[in-house]
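Quick notes on the structure that follows.
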Amino acid sequence: MWQRRQIFNRLRRTQAHLSLRLGMGLGAALMCFASLAPAAGFEAASKLADKGFLVGAEARLLDSDETIGSLSPSMQLTPASLSKVYLAAASLDRWGPQKRFETRLVSSALVNSQGTLQGDLILDGSGDPGLTSEDYWTLVQGLKEYGIKRIDGRLLISQWRFGPVKCLTQDRCAALTSTRHAYDAQLSSAAVDFATWCARVMPSADVGQEARVMGCFGDQPLTQVRNKVKTVAAGQRTTIAAQRTTSNGVDTLVLSGQVARDTFPRTVYRGSADPAAQSAATLEDLLDREGIKVSGGSATTQLQPPSSAHIYAFVEGKPLQELLLRMMNYSNNFMADTLALDLAATTPATLASASAALERFVADSVPDHGPVTLNSGSGLTPENKTSAHGLVSLLDAMYHRPALFPVLVAGMQVPTNGPMRFIRRGSETFQSHVMIKTGTLNQPVPVRAISGYFRTKTGRWGAFAVMVNSRSASNYLQWPTVLDAVSRDMTALIEAH
């Protein structure tokens, strides 16, 4: 079977070579014929193209390399969060499923007989995209086990691997001063809790009083809070609005709205403007709670700790296969772009060097992919471009890597039981026979994209991709419209094979 696939790939490369050598000769004629072919297998999706949307689609059986559906498969389109499929594949290719990122507390100073570290303590940020406050608690326990009771110096947060990372997208640039979201969190190799502040809002004892606001990991929030939430009578509606604003380097959570007297606590997440500073606040709080005093305060740095520094505590993060499951299932942009930066060949890493690493993976590991532009691993950058044919080729290549394929497909959602409720549409066959990743953008133009694997009625494996891009910001595109079309097309293809 592998030999057959190699033959098919050689034929495709030969066709491309002919088109280059012969201009508008035989090769170009073949290309033109393919682009003018009817939308075999994607009749419902083609109706979206008839309405003025740009649509590319392809479906392929992976045991025979047979294309069973096609609609402008080579058209370069914006994939949005389908970019995360490339990131997941590249990460697995580089490190394997059991890769763990190790975060350390180090110092060149010594500990005296009274348990005082006589110098600065440095958090060496490893670029772990899944690092949490619980991991920082483990680090602090490591200090206690070492007998450290006081730090006679500063707490330094080192983001020498990357950070602060210059923003590329409108969302992240605007979020440097204000945000109402968590998806646009900033990037740093020394981030914690997905670079988001977390607070819990709950009713006070009496109606008319301000709501109570606590931290998610302690009694007090770790950043400033301006609380305008009022407690209202039981049975009334609870509505909470949250915005993180930044002035003079200080983050503030601005909370407004109302919370019913009989409701449960509500959790609010908003991206921080400086993930390394958030790490400092988080670690300082945990040290203080454990009675370890820091005399010199905290600061962030881009300097690498000395190689001779002693390791006083360390924690291993979750294995890559668990990180990818969360990143893919919840389409976490911070995790995706952090992993992309981890792949970069430069230090400090940049989004440009991360992009180069992703595109190099495609060139080296995905036969017959075609052109691709991956300016980010998350897909937040609308300049990302690929084709339905390229996506299917990527999925095909990973399917034929038995040590990696199960981890990749595990990160995708089966609509009938996936965590994203909006995908639970279409026929029973579609909902139970596909494993998918979706992609959504609304700026500068609406993008709705879906790709993944499918199982036919006879148990054969296949891969498919459908990308729909609007031509203008005003031509809005509803997800139900796209999902209903994809469901109809894929149901027919699945049941026919």
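Net charge around residue 78, counting only other residues with Cβ within less than 13 Å of its Cβ (Lys, Arg = +1; Asp, Glu = -1)? Mind dumping the intermediate values first?
Working: positive: 385, 448, 471; negative: 383.
Taking every Cβ under 13 Å from that of residue 78, the sum is +2.
If each DSSP helix of 4+ residues adds -39,500 (n - 2.57) and the sum is divided by the residues in the chain, what number results at 222 nm, nearest 500 deg cm²/dmol? Intermediate results must be reported in sequence, preceding the final value.
On the way: 14 runs with 165 residues, N = 497.
Theoretical 222 nm ellipticity from helices: -10500 deg cm²/dmol.
Which lysines, if any, have their Cα less than 17 Å from the Cα of residue 437, not counting same-chain residues under 8 positions apart?
84, 385
Any idea what Rg and Dmax come out to for the stretch 440-483 if you just take the C-alpha atoms, in Å?
In order Rg, Dmax, the Cα atoms of the stretch 440-483 give 13.7, 43 Å.
For residue 222, what is the net charge nearby, where nearby means another residue's Cβ is under 10 Å from its Cβ and Lys, Arg count +1, Asp, Glu -1? Don't jump to the answer; show the numbers that get you there.
Working: positive: none; negative: 193, 251, 284, 285.
Once positives and negatives cancel, what remains is -4.
Net charge within 15 Å of residue 233 by Cβ-Cβ distance, Lys/Arg positive one each and Asp/Glu negative one each, not counting residue 233 itself?
Numbers: positive: 230, 237, 261; negative: 206, 262.
Its environment carries a net charge of +1.
Report P(r) for the stretch 392-446: all Cα-Cα distances, bin width 10 Å, range 0 to the bin holding the largest distance, values in whole percent.
21, 40, 33, 6
Along the charge dipole of the chain, Cβ charges K/R +1 and D/E -1, which of 101, 59, 116 sits furthest on the positive end?
Toward the positive end, the furthest listed residue is 59.
Once neighbouring chains are kept in place and the probe is 1.4 Å, which whole percent of the accessible area of the stretch 63-213 is contributed by carbon and sulfur? Please report the intermediate quantities before stating the final value.
On the way: 2760 of 5810 Å².
Roughly 48 percent of what the probe reaches on the stretch 63-213 is carbon or sulfur.
Along the charge dipole of the chain, Cβ charges K/R +1 and D/E -1, which of 69, 301, 347 sits furthest on the positive end?
69
Given the peptides 305-318, 61-74, arrange them by the average over their residues of other C-beta atoms within 10 Å, most packed first. Don't skip to the answer; put the middle values down first.
Details: 305-318: 15.9, 61-74: 18.9.
Highest mean packing first, the order is 61-74, 305-318.
Relative to the longest principal axis of the C-alpha atoms of the chain, give the angle of the C-alpha long axis of helix 2-22, reported between 0 and 90° and rounded to the nearest 10°.
That helix lies at roughly 80 degrees to the long axis.
Can you tell me the orientation of helix 320-329 relative to the chain, as the angle in degrees between its alpha-carbon axis and the longest Cα principal axis, to the nearest 10?
70
So what is the accessible area of the stretch 399-438 per residue, in Å², with the probe set to 1.4 Å?
Values: 1810 Å² over 40 residues.
Accessible area per residue: 45 Å².
Quick one: Karplus J couplings for the stretch 305-313, per residue in order, coefficients 6.51, -1.76, 1.60, θ = phi - 60°, nearest Hz, x for Gly and Pro?
x, x, 5, 7, 4, 7, 8, 9, 7
Using only Cα atoms, locate the centre of the stretch 374-447 and the centre of the stretch 157-215, then give the distance between them in Å, rounded to an integer.
27
For residue 300, enumerate residues with amide H under 5 Å from its amide H, sequence gap 5+ or separate chain, H modeled in the peptide plane.
Under 5 Å from the amide H of residue 300: 157.
How large is Rg over Rh for the stretch 381-472, taking Rg from the Cα atoms and Rh as the Kirkwood inverse mean of 1/r across Cα pairs? Don't skip to the end; give the middle numbers.
Working: Rg = 13.9 Å, Rh = 14.2 Å.
That ratio equals 0.98.
Can you tell me the Rg and Dmax of the chain, counting just the alpha carbons, in angstroms?
For the chain, the Cα radius of gyration and maximum Cα-Cα distance read 25.4, 84 Å.
The values are calculated or read from the model by the stated rules, or taken from the named source; none is laboratory data. Since the model is a prediction, treat every value here as computed from it, not as a measurement. Note that each Cβ is placed from the backbone with ideal geometry, even for glycine, and that neighbours are counted across all protein chains shown. Remember, those area values only see protein heavy atoms, side chains included, never the ligands or the DNA or RNA. Shrake-Rupley method; radii C 1.70, N 1.55, O 1.52, S 1.80 Å.
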